[in-house]
Amino acid sequence: MKNLLIIILLRLLCTPLFAQAGLAGAKPENVSIASTAIESLQTAYTLAKYGYNIKSSSALICAAEIIARTQTQILGSKGTAKDEVADTVKKIDKPEYTAVNLLADGKKFASMNKKTKRNMLAWARSIKKAMKNKTRDAVSGPKYLYDKIGADGQMTYTIAFEANKLAEVLVCGDGDTNLDLYVYDQNNELIVSDEGYSDDCYVRFVPKHTVNFNVVVKNRGQVYNRFELLVN
């Protein structure tokens, strides 16, 4: 019950933060709240960071369950790197926030606490079973990719969005630097951005035409950042 209350509190705290981010320059017409899938994944990544920070098995396994049950597909776009420099300090490489990685580390943290080990491992087994039943090669849900951006660098992705439909872009980094997110139209005009003080970025807008947009992620830190990019 205590863990559930923590998760609920985290959910209430995190949703407004994401919902407010990234609206500078957005076209307000027909813009709604984040889609269910994007909102669920935002919650999962917040739980993952929290879980790694305090070595919480329940937070990691809960994040894994959300990711495992949210339909996604691979984003085919490949980023173009620019202005990257060498890291000024060494850092520990962090795992991608996949359901598999989160389950493995959640079980590892559970083993550190005998009181919670049995329950956590049983929970992890049920999620692993659900993952096996999940549809492969999904053709619905947000598109995603994992990438790595060097210190003080930027990555650009060319992505098409449909006219008159809500377009969403979510970025979740590894927590080590500040990332900023920008979306430019075919005329290289800024449409929307999120320049918050973290590496969790979210923007939304409604395109007037079905065209390619340039999605730019900038690393404001002095070490690389491993991040996930999702679009609806």
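The values are calculated or read from the model by the stated rules, or taken from the named source; none is laboratory data. None of the values given here were measured: they were computed from a predicted structure. Every residue, glycine among them, receives a Cβ derived from its backbone with ideal geometry; neighbour counts consider all protein chains shown.
Would you tally the residues in the stretch 140-149 being under 14 Å from residue 75 (Cβ atoms), of a type outside the set (A, V, I, L, M, F, W, C) and assigned to a strand (DSSP E or B)? Residues meeting the conditions: 4. Apart from one condition, residue 193 fits all of (1) crowded, with 17+ Cβ neighbours inside 10 Å; (2) of a type in the set (S, T, N, Q); (3) without any contact (Cβ under 8 Å) to a residue 60 or more places away in the chain; the exception is (3).
Only residues that are assigned to a strand (DSSP E or B) and either touching a helix residue (DSSP H, G or I) at 6+ places or on another chain (Cβ under 7 Å) or surrounded by fewer than 19 Cβ atoms within 10 Å (Cβ to Cβ) (or both) were counted in the stretch 201-224, giving 4.
Among residues of the stretch 101-141 being surrounded by fewer than 18 Cβ atoms within 10 Å (Cβ to Cβ) and hydrophobic (A, V, I, L, M, F, W, C), the one that is modelled with the highest pLDDT is 104. Summed over the stretch 82-100, the residues that are surrounded by 17 or more Cβ atoms within 10 Å (Cβ to Cβ) and farther than 29 Å from residue 214 by Cβ give a count of 1. Restricting attention to the stretch 33-81, and to residues there that are in a helix (DSSP H, G or I) and of a type in the set (D, E, K, R), which single residue is modelled with the lowest pLDDT? Ranking the candidates gives 69 first. A Cβ distance below 9 Å, combined with a sequence gap of six or more or placement on separate chains, defines the contacts here; from the stretch 58-74, residues that are on the phi < 0 side of the Ramachandran plot reach residues that are part of a strand (DSSP E or B) in the pairs 72/143; 72/144; 72/230; 73/143; 73/144; 74/143; 74/144; 74/145.
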